[in-house]
Amino acid sequence: MHLTIESTPAPLTGLIKELDYACKARKASESRYAEWMLNYELPQLYARDFVATLDNILLRRNAPSELALCTRRVDVLELVGYLTVSCLDKAVTAMADRIIKHFGPLVIETSSSSSSSSSSSSNGSGNGGSSGSGGGGRVYAEEGKDAYLARDTWRALTTRLASLIACLELSAGASFGLLLSEGVSEDGIKALMVKHTQRK
């Protein structure tokens with residue numbers, strides 16, 4: 001349910017404003033943390049103002065074909081050679097380990113989803129269970145911790161990395177006729193990130 005100040009009784013309007021501020025601050029923090037991790041684990045991507053140039057293209061301040069106006073072909077060729085599946089897998093593994101260590105698991109398992117899974121298992125084939133209902137139990141962490149921080153940070157990281165790779169793929173092709181390494185694409189990045197959420 002989405003609350004607005006207009007639809008909220010007067011005594012709660014201050015609380016809604018505070019919640020809105022906290023939500024925006026949290027999202028900004030997720031973005032900064034994701035940016036720091038990408039910069040740390042993939043330094044070549046952040047060298048020579050590559051990311052600043054790609055951001056301008058993502059914001060449509062420049063066209064993909066204008067990458068050639070901002071950087072040299074030899075530098076883009078070096079970056080394309082650096083960004084292999086194995087390189088990205090190593091970086092993503094390190095980032096997943098860091099988030100899990102500091103914030104907790106990348107996937108939230110609610111009590112309702114656990115009981116649904118148990119019910120399905122006890123029915124043998126699972127036909128009598130309600131798998132896929134999405135049940136809606138909410139996790140409440142112990143005081144001072146956010147049970148959803150790891151999941152949301154991972155989502156922010158996935159979105160950011162996938163958008164940068166998609167933009168690089170489009171721009172490198174339009175400006176220089178270059179292709180990224182096999183498997184390095186927006187879909188490839190998303191699949192790689194999903195793989196890490198399935199780790200036990």
In square angstrom, what is the accessible area per residue of segment 6-111 with a 1.4 angstrom probe? 62 Å²
In the structure displayed, which of Lys27/Lys195; Lys17/Lys190; Lys17/Lys195 lie more than 32 Å apart, Cα to Cα? Lys17/Lys190; Lys17/Lys195
Given points 7 Å out from each Cα along the Cα-Cβ axis, report the Arg61 to Lys90 separation in nanometres with one decimal. 3.3 nm
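Sort 22-29, 36-43 by packing, meaning the average of other beta carbons within 10 Å per residue, with the highest value first.
Values: 22-29: 11.4, 36-43: 16.0.
In decreasing order of mean packing, 22-29, 36-43 become 36-43, 22-29.
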Please turn the phi angles of segment 46-56 into ³J(HN,Hα) values with the Karplus equation 6.51 cos²θ - 1.76 cosθ + 1.60 (θ = phi - 60°), one per residue in order, whole Hz, x for glycine and proline. 9, 6, 6, 6, 4, 5, 4, 5, 5, 5, 5
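So if I place +1 on the C-beta of Lys and Arg and -1 on the C-beta of Asp and Glu, and nothing else carries charge, what would the dipole magnitude of segment 28-111 be about its Cα centre? I want it in debye, nearest 20.
Working: 9 positive and 11 negative charges, 37 e Å.
Its charge dipole is roughly 180 debye.
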Each label sits 7 Å from Cα toward the beta-carbon; between Arg48 and Val74 the label points are separated, in nm, by 0.9 nm
³J(HN,Hα) computed for each position of segment 60-75 - Karplus, 6.51 cos²θ - 1.76 cosθ + 1.60, integer Hz, glycine/proline x: 6, 7, 10, 7, x, 5, 8, 4, 5, 7, 10, 8, 8, 4, 5, 6
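The values are calculated or read from the model by the stated rules, or taken from the named source; none is laboratory data. Given the structure is predicted, the values throughout are model-derived calculations rather than measurements. Note that each Cβ is placed from the backbone with ideal geometry, even for glycine, and that neighbours are counted across all protein chains shown. Ligands, DNA and RNA are stripped out before the accessible areas are found, and what is left, the full protein with its side chains, is counted by its heavy atoms. Shrake-Rupley method; radii C 1.70, N 1.55, O 1.52, S 1.80 Å.
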